[in-house]
1. Being acidic (D, E) and not in a loop (DSSP other than H, G, I, E, B), is that true of even one residue in segment 79-102?
2. In segment 161-171, how many residues are more than 19 Å from H14 (Cα to Cα) and surrounded by 14 or more Cβ atoms within 10 Å (Cβ to Cβ)?
3. Starting from residues that are under 14 Å from F189 (Cβ atoms) and surrounded by fewer than 19 Cβ atoms within 10 Å (Cβ to Cβ), keep the ones in segment 36-45 and report whichever is modelled with the lowest pLDDT.
4. Just the residues that are at pLDDT 75 or above and either hydroxyl-bearing (S, T, Y) or within 18 Å of K187 (Cβ to Cβ) (or both), please, taken from segment 55-74.
5. Just to be sure, is L79 touching a strand residue (DSSP E or B) at 6+ places or on another chain (Cβ under 7 Å) and free of Cβ contacts under 8 Å to residues at least 60 places away in the same chain?
6. Is it true that V25 is modelled with pLDDT of 85 or more, farther than 27 Å from L129 by Cα, hydrophobic (A, V, I, L, M, F, W, C) and crowded, with 24+ Cβ neighbours inside 10 Å?
7. Considering every residue within segment 116-132, establish whether at least one is within 18 Å of L62 (Cβ to Cβ), assigned to a helix (DSSP H, G or I), touching a Lys or Arg at 6+ places or on another chain (Cβ under 7 Å) and of a type outside the set (A, V, I, L, M, F, W, C).
8. For the structure I just gave you, tell me whether K158 is surrounded by fewer than 16 Cβ atoms within 10 Å (Cβ to Cβ), among the basic types (K, R), at pLDDT 90 or above and not in a loop (DSSP other than H, G, I, E, B).
Amino acid sequence: MNRNRKASNGLEYHCGSDWNNPTYVAGAPWGCSVAKDGIGVAAAFHDYHQRNRPDFFYVTWLVKKKKTNPPADWACRILFQVGSLKSKDNKRLNDLKLKVINAFQNSNVCSVLLGKGYNLNPGTKCSLLNIRSNKNTTLFTVILGASHSEETSDEKIKANIKALHDDVGERVEAVLEKLQLAKRLEKYFGS
């Protein structure tokens with residue numbers, strides 16, 4: 001695994017499926033997704049699903065299609081999530097997840113999105129108890145308007161995520177930089 005990858009502005013992508021979602025596409029800011037077994041959103045998502053609970057951490061934009069009764073516009077619903085192990089499994093990483101969540105809740109990212117005409121649904125499980133007892137926390141969901149593609153191919157979903165991140169990525173990356181998240185993760189997981 002190449003742990004010497006340079007961080008840069010922009011997103012890295014991972015497409016896949018899991019037990020509850022036959023399709024998902026994730027776009028993560030560089031340097032903000034890492035796992036015990038590697039760097040990047042693919043490694044973090046892989047370790048998220050392991051039963052032996054290896055360490056992982058991620059910040060991601062995520063589009064997912066549920067197995068049962070997905071809404072017609074599922075490809076235009078982009079979740080902003082922060083994930084780590086539950087507090088009982090790794091308090092240090094879960095504390096970092098809480099710091100990231102608090103920083104975004106106290107930032108102007110949602111105001112900027114609203115100002116650019118996006119519709120937002122707030123996350124419903126952002127209490128301290130939920131953050132501590134769940135592996136991932138959805139801070140908010142962006143509902144894309146008619147100007148974005150409702151096509152469901154991975155490439156079209158990536159384009160929607162990229163367009164959203166282009167509109168607010170500078171603010172997102174400023175929050176992550178202020179927290180020195182990439183440096184903290186590098187220190188925790190090693191280089």
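1. yes
2. Final tally of qualifying residues: 3.
3. Among those that are under 14 Å from F189 (Cβ atoms) and surrounded by fewer than 19 Cβ atoms within 10 Å (Cβ to Cβ), it is D37.
4. D55, F56, F57, Y58, V59, T60 - these are the residues of segment 55-74 that are at pLDDT 75 or above and either hydroxyl-bearing (S, T, Y) or within 18 Å of K187 (Cβ to Cβ) (or both).
5. Answer is no for this residue.
6. Here the answer is yes, as V25 does meet what is asked.
7. no
8. The answer is no for K158.
The values are calculated or read from the model by the stated rules, or taken from the named source; none is laboratory data. For clarity, every value in this text was computed on a predicted model and none was experimentally measured. In this analysis, Cβ positions are derived from the backbone assuming ideal geometry, glycine residues included, and neighbour counts consider all displayed protein chains.
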